[in-house]
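*Asks:* Sharing a structure with you now.
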Amino acid sequence: MRYLLSISAAIDRVNEKIGYVCNLLVLLSCVVSAGNAMIRYAFDDSSNSWLELQWYMFAVLVMFGASYTFKRNEHVRVEIFYLFLSERGQLWLDLIGTLLLLIPACLLLCYLSWPFFYQSYLTGEISSNAGGLLRWPIKFVIPGGLFMLALQGVSEVIKRVAALQGRVVIDAKYERPTQ
């Protein structure tokens with residue numbers, strides 16, 4: 001179990017770094033958006049590549065931010081049953097849901113989206129917009145983000161199993177959003 005926990009810690013470190021990059025992308029996309037708007041309205045000049053760059057940054061933020069959000073236990077849950085369970089019951093529900101739903105779904109979608117990226121890569125697809133960007137890098141974000149989410153799922157399974165065995169104590173408490 002110690003070896004598996006070290007693998008889990010390595011996955012967590014990678015997703016922490018991804019989360020840091022995603023946080024920077026939020027700021028960078030705001031700067032690009034504001035700069036693009038300023039140039040368009042102040043100087044009556046614009047480029048589709050800046051607009052597409054914003055879309056690309058947002059796509060990376062969403063797809064790779066999912067694994068970081070999952071690692072931090074801040075993802076969306078169906079609270080109907082979860083809040084009525086004991087802490088041990090919540091660990092079991094997380095474990096079963098991750099093993100039976102999250103990981104298989106992510107890997108299936110990763111598998112199905114790979115040809116979408118690969119065909120674009122082979123053809124060197126470029127946006128049809130004037131001044132548009134290459135399309136294959138952003139199409140990689142789909143299988144890449146799903147794979148990282150599945151990998152974080154493996155990390156969470158390892159941590160839940162260790163917690164259920166009493167080997168580690170994890171902070172898996174879910175706090176209902178204050179909306």
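Here, each number is a calculation from the coordinates, and none is a lab measurement. Because the structure is a prediction, the values reported are computed rather than measured. Please note: Cβ atoms are built from the backbone with ideal geometry, for glycine as well, and neighbour counts cover all protein chains shown.
*Asks:* Can we say SER47 is closer than 28 Å to ILE158 by Cβ and polar (S, T, N, Q)?
*Replies:* no
*Asks:* Which helices (runs of 4 or more DSSP H) sit wholly inside segment 26-143 and have at least 3 residues that are surrounded by 14 or more Cβ atoms within 10 Å (Cβ to Cβ) and over 22 Å from the mean Cα position of the chain (by Cα)?
*Replies:* 48-71
*Asks:* So which residues in segment 1-25 are within 22 Å of MET148 (Cβ to Cβ), surrounded by fewer than 13 Cβ atoms within 10 Å (Cβ to Cβ) and more than 18 Å from the chain's Cα centre (by Cα)?
*Replies:* Result: TYR3, SER6.
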